[in-house]
1. Averaged per residue, what accessible area in Å² does the chain show with a 1.4 Å probe, protein chains only?
2. How far is it, in nm, from the label point at residue 95 to the one at residue 169 when both lie 7 Å from their Cα along the line to the Cβ?
3. Could you check the spin-label model distance between residue 45 and residue 162? Points 7 Å from the Cα along Cα→Cβ, value in nm.
4. Before rounding to the nearest 500, sum -39500 (n - 2.57) across all DSSP H runs of length at least 4 in the chain and divide by the residue total; then give [θ] at 222 nm in deg cm²/dmol.
5. On C-alpha positions alone, give me the angle between the axis of helix 96-106 and the longest principal axis of the chain, in degrees, nearest 10.
6. Sequence neighbours fewer than 8 away in the same chain don't count; with that in mind, list the aspartates and glutamates whose C-alpha is under 18 Å from residue 33.
7. Enumerate the amide H contacts of residue 65 below 5 Å, restricted to partners 5 or more residues apart or on another chain; note that Pro and chain-start residues carry no placed amide H.
8. Over the Cα atoms of the chain, Rg to Rh with Kirkwood Rh, two decimal places?
Amino acid sequence: MERRDHGGWVEVICGPMFSGKSEELIRRMTRYKIARIPVQIFKPALDDRYATHEVVSHSALSVAAEPVGGSEALLQAVQERTEVVGVDEAQFFDDGLIEVVERLAGAGKRVIVAGLDQDYLGRPFEPIPSLMLRAEYVTKALAVCHRCGGAGMFTQRVIDSDELVVLGSEDSYEARCRRCYDPHEAEQPHLDL
Ligand code: ADP
Ligand code: MG
Ligand code: ZN
């Protein structure tokens, strides 16, 4: 059998908001940095909530990151020498990210992708579900349900908006378990004329 460099693989870290996805991505990337393994961390340019050139967790951990406009820009920005590629908030990328991640893993790089697996209505939030199918390792993180302390698997939007993307944090979203989650909770009642 021909032996080549088979070092590439894909890791996905998914779950609702506040489940520690960014924390876990920061932990995994920091280990490589300490070992002086060349890493690059990317985030969507759209997500400018805390800092533009950092991934920041709700627990205030942070790591330097490069904002990119989309999957094509991410691919162009990856350097030859980079061994580990981290991506946060991957649900804000276009579906081209699936192909890009596979190309990077095929080229021998370890790719660690973090993001929401469900949107605020509980629907699959692409490209994360497709990336989970292609990943060697999947970690599904849970938050603490804001209502009852149970297994927080859902992202509850607590403001009234039907936009898919509403950037926000504690003011706009809560983690909820399957019993306390109600995707339509924040909707204003419609006038019955
Ligand atoms: P994610 O990237 O999944 O949104 P972060 O890594 O940014 O999550 O933040 C995780 C941290 O958020 C936890 O360690 C904790 O300090 C804090 N946190 C706030 N609300 C919750 C909650 N409801 N459940 C769990 N952790 C929470
Ligand atoms: Mg996060
Ligand atoms: Zn609950």
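The values are calculated or read from the model by the stated rules, or taken from the named source; none is laboratory data. Computed from a predicted structure; not experimentally measured. Glycine also receives a Cβ, built like all others from the backbone with ideal geometry; neighbour counts cover every protein chain displayed. The area values use the complete protein model at the heavy-atom level, side chains included, leaving out ligands, DNA and RNA. Shrake-Rupley method; radii C 1.70, N 1.55, O 1.52, S 1.80 Å.
1. Accessible area per residue: 55 Å².
2. So the label points at residue 95 and residue 169 sit 3.3 nm apart.
3. 3.1
4. About -6000 deg cm²/dmol.
5. 30
6. 11, 23, 24, 54, 66, 80, 83, 88
7. 54, 55
8. Using only Cα positions, Rg/Rh for the chain is 1.01.
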